[in-house]
1. For segment 97-109, does any single residue satisfy the condition of being of a type in the set (Ser, Thr, Tyr), within 24 Å of Lys183 (Cβ to Cβ), open to solvent by less than 70 Å² (accessible area, probe 1.4 Å) and not in a helix (DSSP H, G or I)?
2. Name the residues in segment 152-167 that are more than 11 Å from the ligand (Cβ to nearest atom) and open to solvent by 40 Å² or more (accessible area, probe 1.4 Å), would you?
3. Considering each of Asp171, Asp138, Asp78 in turn, give the residue that is of a type outside the set (A, V, I, L, M, F, W, C) and open to solvent by less than 40 Å² (accessible area, probe 1.4 Å).
4. Are any of the residues in segment 182-201 under 24 Å from Thr276 (Cα atoms) and open to solvent by 60 Å² or more (accessible area, probe 1.4 Å)?
5. What tally of residues in segment 193-230 results from selecting those that are near the ligand (Cβ under 8 Å from one of its atoms) and free of Cβ contacts under 8 Å to residues at least 40 places away in the same chain?
6. Please go through segment 168-184 and pick out each residue that is hydroxyl-bearing (Ser, Thr, Tyr), within 20 Å of Leu43 (Cβ to Cβ) and either assigned to a helix (DSSP H, G or I) or near the ligand (Cβ under 6 Å from one of its atoms) (or both).
7. Could you tell me whether any residue of segment 139-150 is within 16 Å of the ligand (Cβ to nearest atom), at pLDDT 95 or above and small (Gly, Ala, Ser)?
8. Regarding Ala65, is this residue at pLDDT below 50 and either open to solvent by 50 Å² or more (accessible area, probe 1.4 Å) or over 22 Å from Thr117 (Cβ atoms) (or both)?
Amino acid sequence: MDRLLAEIQARDDVLLEGRSTTLIGDLLDAVLSPVGDAIKQILEGASAIADGAVYKAPGALGSDASYGGADGSLLLSDELSRPDNRGLEPIGAQTLAWFNKYKQHGASMADLIQTATLTAVVSCPGGPRIRHFVGRKDNSRAGPTGKLPTPFQDAKSLIDLFTAKTFTASDLIALIGSHTASKQRFVDPGRAEIPQDSSPNVWNTKYYSETLSSDNKTILVFPSDRNLATYSSTKAQWNTFAGAGADAVWKPAFAAAYFRMSMLGVNNLNDLAECTKVLPLPR
Ligand code: HEM
């Protein structure tokens, strides 16, 4: 029992030290609305997972446009044709079709991409229901190039890339756990549709343990994933998520880091409205 408690405490320590609490967007200037305050609290440590409470939507305020981040440019510009984004073509086409159907009702592409992402996560058995806010502004200017990771990159440069976007190394390790649901097609085209863990239809932590143990015969481990799993400053976090019963610590950590990702480059956070209620309940 003591050992179990010590292990849980150790996990908490890693997570508490590791999570980014850096403020972003227009919240750096001022918190001007109840929703701005709710987003600030989540960015600073409150749970990003919906708890069943009813969240009120605020009124709108003016704000500036931004360049890059969650601004819809992925599908409103030629970004999808970049080699970095290979694999996203089918879901990109589907999301564009949804956008063409719903834009007449005021839906932005940036919001639609997040709605689709959060619906996908919670629809995957075991996936968390992450709080969802809408009202992002679209930008059809393609984002800067050279900012996306590659599956052959070393751990340090991956960490640096994410640090530049306000993520800690622990956030990155939590985020990359979404490879629990991925099936590669372009890293090794000869093994297209091979998943990155043995249960790609379940949102769980097998990906972490199997990245460490796999002989690469039944799944395909990306070199970048193995680099992060074994790097000096990230292996403790990785091993925590790879341990037995780690789902309960990984999911909140993923939700927090993903929530941050969904708000990057959004400079009207004070104006957003909570829309969690459109998401299905967890399975
Ligand atoms: C170290 C950084 C990362 C690298 C190098 C990386 C690389 C890749 C690669 C190569 C694929 C397979 C593409 C294909 O062949 O079809 C993939 C799939 C995927 N990645 Fe990552 N990734 C990284 C981080 C992330 C993060 C942070 C997330 C989520 C927040 C994520 C979510 C996904 C998902 C959901 C898929 C599956 C897409 C699909 O099946 O269509 N990845 N990633």
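1. No, segment 97-109 contains no residue that is of a type in the set (Ser, Thr, Tyr), within 24 Å of Lys183 (Cβ to Cβ), open to solvent by less than 70 Å² (accessible area, probe 1.4 Å) and not in a helix (DSSP H, G or I).
2. Within segment 152-167, Lys156, Asp160, Thr163, Ala164 meet the criteria.
3. Result of the check over Asp171, Asp138, Asp78: Asp171.
4. Yes, segment 182-201 contains at least one residue that is under 24 Å from Thr276 (Cα atoms) and open to solvent by 60 Å² or more (accessible area, probe 1.4 Å).
5. Result for segment 193-230: 1.
6. Scanning segment 168-184 gives Ser170, Ser178.
7. No.
8. It is true that Ala65 is at pLDDT below 50 and either open to solvent by 50 Å² or more (accessible area, probe 1.4 Å) or over 22 Å from Thr117 (Cβ atoms) (or both).
The values are calculated or read from the model by the stated rules, or taken from the named source; none is laboratory data. Worth saying up front: this structure is predicted, and the values here are computed from it rather than measured. Glycine gets a Cβ as well: all are built from the backbone with ideal geometry, and neighbour counts include every protein chain shown. Side chains included, ligands, DNA and RNA excluded: accessible areas come from the protein's heavy atoms. Shrake-Rupley method; radii C 1.70, N 1.55, O 1.52, S 1.80 Å.
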